[in-house]
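The values are calculated or read from the model by the stated rules, or taken from the named source; none is laboratory data. In this text the structure is predicted, and so the values were computed from the model without any measurement. Neighbour counts are summed over all protein chains in view; Cβ atoms, including those assigned to glycine, are modelled from backbone coordinates with ideal geometry.
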Amino acid sequence: MNSNYLIAPSILSADFTELGSQITQAEKAGAGWIHIDVMDGHFVPNLTMGPFIVEACARITELPLDVHLMVEKPETLLNAFALAGASSLTVHIETCPHIHRTIQTIHQLGCKAGIALNPGTPASAITPILHLADMVLVMSVNPGYSGQKFIPEVVSKIAQIRKTLDDINPQTIIEVDGGITPQTLPLTLKAGAQAFVAASAIFKHPQGIETGIKTLREQLPK
Ligand code: DX5
Ligand code: ZN
């Protein structure tokens, strides 16, 4: 398998009565990262996980913990999530009026820094910060819930961001998140995405987690 591409299962759709064994199954099936969706009930309508869950995940897996902060004032939480074991901390541009400072803090905490943007936010909103970001997270649904339908307009935005990154920061990767299935993944891959988040296509797959990951990995370059 080409190591430039990976699947990041989002535990938002996991069965939390079985979280440890579900993460282990995902790891054995070839997951590259574990994606953890943090929601505050303000920036997005849903309320989900805090550092406590990240710390629990860190005890069960060696995989990098990819923490997606869908919260207002994310700068107040960075330290707690870094201490809990996050490998990368991704903040939304819509929530960060002082984005250079926020990215600098993430790096000082020893984490990779991701910058996310909602489907309605133009690519140009993140151009001034691309030279500092380790990852760009392009949302392909409006954040808040798993199981939503992929918004196809984001495909051209991925291509646009990839083109800009190739000019100024080629090693930065694009992650795509929302409505990713074996049908939608190839569209985003072709546009330049390298990391693919999926919750329902993995944890709600009728044949189980292993099949869910396998059917997504089959779409990746060999
Ligand atoms: C959406 C979250 C996603 C979500 C993806 O707000 O950021 O990570 O869990 O769920 P699916 O793959 O079901 O669209
Ligand atoms: Zn996410």
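Considering only residues that are of a type in the set (S, T, N, Q) and touching a Gly at 6+ places or on another chain (Cβ under 9 Å), look in the stretch 108-150 and name the one that is surrounded by the most Cβ atoms within 10 Å (Cβ to Cβ). Only one residue fits best here, namely SER140.
Out of all the residues in the stretch 187-198, is one or more part of a helix (DSSP H, G or I), among the hydrophobic types (A, V, I, L, M, F, W, C), in contact (Cβ under 8 Å) with a residue 12 or more places away in the chain and surrounded by fewer than 16 Cβ atoms within 10 Å (Cβ to Cβ)? Write out each step before concluding.
The initial filter retains those residues of the stretch 187-198 that are part of a helix (DSSP H, G or I), namely 187-191.
This time we only want the ones that are among the hydrophobic types (A, V, I, L, M, F, W, C), so: 187, 189, 191.
After this cut, where a residue has to be in contact (Cβ under 8 Å) with a residue 12 or more places away in the chain as well, the list is 187, 189, 191.
From what is left, the residues that are surrounded by fewer than 16 Cβ atoms within 10 Å (Cβ to Cβ) are none.
No.
Of a type in the set (Phe, Trp, Tyr), over 16 Å from the mean Cα position of the chain (by Cα) and within 16 Å of ligand 2 (Cβ to nearest atom): does that describe PHE81? Criteria not met by PHE81. The criterion of being away from ligand 2 (no atom under 15 Å from the Cβ), in contact (Cβ under 8 Å) with a residue 40 or more places away in the chain and under 30 Å from LYS28 (Cα atoms) holds for ILE60. Residues that are farther than 14 Å from ASP177 by Cβ and aromatic (Phe, Trp, Tyr): find the helices (runs of 4 or more DSSP H) completely inside the stretch 1-84 holding 1 or more of those. Helices (runs of 4 or more DSSP H) meeting the threshold: 51-60, 78-84.
Of the strands (runs of 3 or more DSSP E) lying entirely inside the stretch 110-182, those containing at least 2 residues that are acidic (Asp, Glu) and at pLDDT 95 or above span 173-177. Taken as a whole, the condition of being buried (at least 18 other Cβ atoms within 10 Å of the Cβ), within 16 Å of the chain's Cα centre (by Cα) and of a type outside the set (Lys, Arg) applies to ILE180.
Scanning the stretch 168-204 for residues that are in contact with a helix residue (DSSP H, G or I) (Cβ under 6 Å, 6 or more places away or on another chain) and farther than 22 Å from ILE151 by Cβ gives a single hit, THR172.
Quick one: in the stretch 199-222, of everything that is of a type in the set (Gly, Ala, Ser) and assigned to a loop (DSSP other than H, G, I, E, B), which residue is surrounded by the fewest Cβ atoms within 10 Å (Cβ to Cβ)?
The first filter runs over the stretch 199-222 and keeps only residues of a type in the set (Gly, Ala, Ser), leaving 199-201, 208, 212.
If we keep only those that are assigned to a loop (DSSP other than H, G, I, E, B) too, we end up with 199, 208.
Working: ALA199: 25, GLY208: 15.
Of everything passing the filter in the stretch 199-222, GLY208 is surrounded by the fewest Cβ atoms within 10 Å (Cβ to Cβ).
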